[in-house]
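One structure is given below, encoded as structure tokens.
The values are calculated or read from the model by the stated rules, or taken from the named source; none is laboratory data. These numbers come from a predicted model, not from an experiment. Positions of Cβ are generated from backbone atoms using ideal geometry, with glycine treated the same way; all protein chains shown enter the neighbour counts. Areas reflect the complete protein model, heavy atoms only, side chains present, ligands, DNA and RNA absent. Shrake-Rupley method; radii C 1.70, N 1.55, O 1.52, S 1.80 Å.
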Amino acid sequence: MAKATLSFVCQNCGAAYNRWQGKCESCGEWNTLVEEDVSGASSVPASIRSKRKGRLFALESLAGESRDAPRLPTGMAELDRVTGGGFVPGSVLLVGGDPGIGKSTLLTQATSVLASAGHRTVYISGEEAIAQVRLRAARLGLAKAPVQLAAETSVEDIIATLSDGETPRLIVIDSIQTMWTDTVESAPGTVTQVRASAQALIRFAKKSGATVILVGHVTKDGQIAGPRVVEHMVDAVLSFEGEGSQQFRILRSVKNRFGPTDEIGVFEMTGLGLREVTNPSELFLSERDLGSPGTAVFAGMEGTRPVLVELQALVAPTSLGTPRRAVVGWDSSRLSMVLAVLEAHCGVKLSGYDVYFNVAGGLRIQEPAADLAAAAALVSSLANAPLPTDAVYFGEVSLSGAVRPVAQASMRLKEAAKLGFGRAVLPEAARGDSGGDAGLSLNPIGGLSSLVADIAARGTPRAATRDRGADENGGTHATASGKNAAPPRFRRQES
Ligand code: TYD
Ligand code: MG
């Protein structure tokens, strides 16, 4: 009998330790180490392993014949865009996301569409009873779709059942954390179990040619193994994101061996399930707060698609020793960098202010091209100066305060023109990039300080209006008189 090898395994990242400790040194999470038997990782006994002779296999040349991977498109355009044109047979996808974000809903819809088109699809739920899955399908109006359903958690049973009869085209395992296999001793949900179960299902997918989708919950509190341990084993990792309170959901490809990794699919959660959003810009701009300071429209790119989105900033005097910096939808270190550049090169004093930053609609922006729009929103809020409502902004800000060109300027401009914007503030170097024929008036800028000067010239300093109009109502503040147009907080720079 093999001796049990006990190890303390981090449930977040999978790192193993000999002793228990409070913090995982590999990923920095606290209280995530759980004692596990890791001996099952190699199920072949050592005696057999050492005696076994290797089998010869043929080596191939790089130049050999290669077919383009045939795809199984679902017909849900937003999903197909993210997978790179449909599911590849024999591939395994991991769909991760917070609990309740809509993973089961999305996959119920996808399996139903494929099943209705005549493909054999199987939905295995380890979390919900069959009745619950049926109820959801009924709510989605998909109860008639010939999806094959099971509530099972044993990987061996599942693989045996799936191997019987015609190979399914698509198998959904909801979720990988509930699966368990006999080959390892650990409890379901632990890293060892999740890894071993995923391995077995991946082997099945490769052998049978079925596409397997593993659902994985991302939880903060380390009790359930993060699907991160599975990420390197699967062919694609899709993350389903969104703010719980908002109805927009974004499917993003984080890793994809068969397609692009920067595409997003946008959905809206309605009472009847997820609806595809074909023009996300319209959605993200639908509830714009026109004419209020602190908002700027960023002309961004998500993969091959331009997406316009509103950036919102609130800069308010702080009552704390260390001012607050709160960011939703953007990288907080990127915000710190823009703040530092504003402070160092443009004379904008922000150290006495709390800064709150938000990307409207629940989108997460990852491009550096958002720097300029973010800076515009921040300065606009500080100077209490609304930006022109028909302007879009894009450009990368360098540490020297210069505004750098970004890729695909013409596509950004075309999208802005399509949505009725009249002008664009963009890097100087992008001027020649066929923006003219998009019909926008271009305002190229070379440095961040000229943007700050422009906005400051439009503004009414908040502090000054408060002193002056303490007993008036706020409405009178909107028009800046020439005299106090230069806010005291800006050191004017001659550039
Ligand atoms: P679900 O797909 O169960 O989330 P997950 O599998 O990621 O945990 O979806 C959960 C939420 O979606 C739930 O709070 C209710 C909501 N929802 C709708 O708003 N409309 C619908 O038609 C359905 C099926 C769910
Ligand atoms: Mg679910």
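Structure data summary
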| read-out | value |
| --- | --- |
| Residues residue 304 and residue 441, FRET efficiency given R0 of 22 Å [Cβ-Cβ distance, rounded to 0.05] | 0.25 |
| Mean accessible surface per residue for the stretch 158-209, computed with a 1.4 Å probe while every protein chain stays in place, in Å² | 41 Å² |
| Separation of the residue 62 and residue 163 label points, Cα + 7 Å toward Cβ, nm | 3.7 nm |
| Exceeding the 25 Å Cα-Cα cut-off - candidates 103/255; 349/414; 144/206 | 349/414; 144/206 |
| Two-site FRET efficiency, residue 5 against residue 333, from Cβ-Cβ distance with R₀ of 35 Å, rounded to 0.05 | 0.30 |
| Net charge of neighbours whose Cβ lies under 12 Å from the Cβ of residue 137, counting Lys and Arg as +1 and Asp and Glu as -1 | +3 |
| Relative contact order computed over the stretch 175-314 (Cα-Cα under 8 Å; 6+ residues apart), in percent | 13 percent |
| Of all accessible heavy-atom area on the stretch 91-198, the percent that carbon and sulfur account for (1.4 Å) | 52 percent |
| Spin-label pair residue 18/residue 149, simplified geometry with 7 Å Cα→Cβ offset, distance in nm | 5.2 nm |
| FRET efficiency, residue 289 to residue 207 (Cβ-Cβ, R0 41 Å, nearest 0.05) | 0.15 |
| For the stretch 77-278, with +1 on Lys and Arg beta carbons and -1 on Asp and Glu, the positive-most of 184, 264, 239 along the dipole | 264 |
| Potential extension, residue 344-residue 134 segment - 0.36 nm per residue separation minus Cα distance | 69.7 nm |
| Relative packing of peptides 245-254, 366-375, 16-25 - highest average C-beta neighbours within 10 Å first | 366-375, 245-254, 16-25 |
| ³J(HN,Hα), Karplus 6.51/-1.76/1.60, whole Hz, each residue of the stretch 156-171, x for Gly, Pro | 5, 4, 5, 5, 4, 5, 6, 6, 7, x, 4, 5, x, 7, 9, 10 |
